[in-house]
Structures are given as C-alpha cells and as structure tokens.
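The values are calculated or read from the model by the stated rules, or taken from the named source; none is laboratory data. Quantities reported herein were computed from a predicted structural model and do not represent experimental measurements. FYI the Cβ positions are ideal-geometry reconstructions off the backbone, even for glycines, and counts take in every protein chain you see.
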Amino acid sequence: MERIRKITITIRDSPNKTSKNVNDELLWLSDVLGLFDSKRDREKSKFRLFVELIKAKKEREFLSSDELAERARLSRGTIIHHIHDLEDRGFIIHKNKKYQLSRRNIELLIRDIKREFDDFYDDINDMARRVDRELEL
C-alpha cells in the first residue's frame, strides 16, 4: 500500500523586522509559518501555545494539555484544537498524553520543513515532466 503524505505548508511573506526582542522574533517566525491567523486568533492563542512548547523543550519536559492550558492561560479546548493542527504539521509529538516540540530546536524544525517541501516538490516535478513527455509538450 502506498504511503500518502499529508503536507500542509503555509508560508507567508512578511517583512523581517530585525529586533533584539526574542518574543518579536518568535512572533515573526510563527507569522511566516502560518502558525496563527491574526484575523481569527486575536489573542494569538496558537502562538502562546507554541511559546510554551518552546519553553518546555528547553527544560526537556513533555506537558499535558491541562499544563499547557494553565501556562498559556487558555482553555483546554483551545489547546487541544491547536495541538491537533501542530501535530498535523509535524511540529509537535505526543507521548503518554503529553506534548513536546518534535525537533530539538526551531532551526531543525525549519530545516525539516524545507526538506519535506523539497522532497514533495521533486515528486510533483517528476510527475509533471512525465506528463509533458507523454503529451509531447
């Protein structure tokens, strides 16, 4: 049986505002990665969850949805909603009903996103080449 890859990539072009404030830089990264919709998510709840997951990763902790909700000051339902999206994107993993960032650091997370996109691009480009050849385009 052929493996179906689900790749959800949202990358937004956003001016890079150089800042010495790490929170602003995390906000910029989460914006360009489409981690939150600023129109719908006015409280930046997914960003707040992402920051708590980063903090937990630094401490090598896995956190439950309740712990994440408490730390981010959000409802457990909101946390669960965002966790599903972040898991689908491959940003987080779970173990014994607790969650953590899937990679050791943010740079590796970005590198993995690029690698997945490059592999997917190569696959669709190969298919387009075969179709063009078959159609004599």
Report yes if residue 64 is touching a residue at least 12 places away in the same chain (Cβ under 8 Å), among the hydroxyl-bearing types (Ser, Thr, Tyr), touching a strand residue (DSSP E or B) at 6+ places or on another chain (Cβ under 8 Å) and buried (at least 16 other Cβ atoms within 10 Å of the Cβ), otherwise no.
no
List every residue pair whose Cβ atoms lie under 9 Å apart, where the two residues are 6 or more positions apart in sequence or sit on different chains, the first residue falls within the range 73-89 and is under 17 Å from residue 100 (Cβ atoms), and the second residue, located anywhere, is of a type in the set (S, T, N, Q) and outside any helix (DSSP H, G or I).
85/8; 86/102; 87/102; 88/8; 89/8; 89/10
Hits in the range 26-54 - residues which are at pLDDT 85 or above and of a type in the set (Asp, Glu):
52
Any helices (runs of 4 or more DSSP H) falling wholly within the range 59-137 and containing at least 2 residues that are modelled with pLDDT under 90 and under 17 Å from the mean Cα position of the chain (by Cα):
76-88, 106-135
Test for residue 9: is it surrounded by fewer than 16 Cβ atoms within 10 Å (Cβ to Cβ), modelled with pLDDT of 85 or more, among the hydrophobic types (A, V, I, L, M, F, W, C) and under 29 Å from residue 122 (Cβ atoms)
no
Before we move on, is residue 97 basic (Lys, Arg), exposed (fewer than 13 other Cβ atoms within 10 Å of the Cβ) and touching a strand residue (DSSP E or B) at 6+ places or on another chain (Cβ under 7 Å)?
yes
